[in-house]
Amino acid sequence: MSYPPYNIVRLDEDLYEIAMAVAGFVESDLDITVTEKRLVISGKHAGEEIRDDATYLHRGIAARAFERRFQLADHVKVVNAVLNNGLLTVEVPESKKPYQISIRNESAPAPAVIEVEAA
């Protein structure tokens, strides 16, 4: 199983969102880095997660460090990240969609221009 769990959602034609469950982490525990075509989200607790003065009857909340890598297309740019109630949301809009360039033939004769005088 991959940790932490995440969703990738298409919100609009040009807008995507990565939502990652990071319960127990605060902003200072998380790092989001974009290099070339890669988004890296990592987390590491700053303090000790396991209490020495307690006996755990069940430890179901993962407190381990993580690193998730996402490959980005050339025309995608990460612009925003929000941490709310244990859910990290990263906004990923397409910054420049591919487009077509029309090709002009320079060797073709220019179209004739006819001037008409107003009567």
Q | Residues (over 13 Å from residue 78 (Cα atoms) and of a type in the set (A, V, I, L, M)) located in segment 20-50 | A | 20, 21, 22, 23, 26, 30, 46, 50
Q) How many residues does segment 39-77 contain that are at pLDDT 85 or above and in a loop (DSSP other than H, G, I, E, B)? A) 6
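Counting just the residues of segment 1-60 that are polar (S, T, N, Q) and more than 14 Å from residue 87 (Cα to Cα), which one comes out surrounded by the most Cβ atoms within 10 Å (Cβ to Cβ)? Walk me through it before giving the result.
Let us first name the residues in segment 1-60 that are polar (S, T, N, Q), namely 2, 7, 28, 33, 35, 42, 55.
This time we only want the ones that are more than 14 Å from residue 87 (Cα to Cα), so: 2, 28, 33, 35, 55.
Working: 2: 7, 28: 9, 33: 12, 35: 8, 55: 5.
Applying the filter and picking the extreme gives 33.
The values are calculated or read from the model by the stated rules, or taken from the named source; none is laboratory data. This structure is a prediction, so every number in the text was calculated from the model and none was measured. Virtual Cβ from ideal backbone geometry, glycine too; neighbours counted across all protein chains shown.
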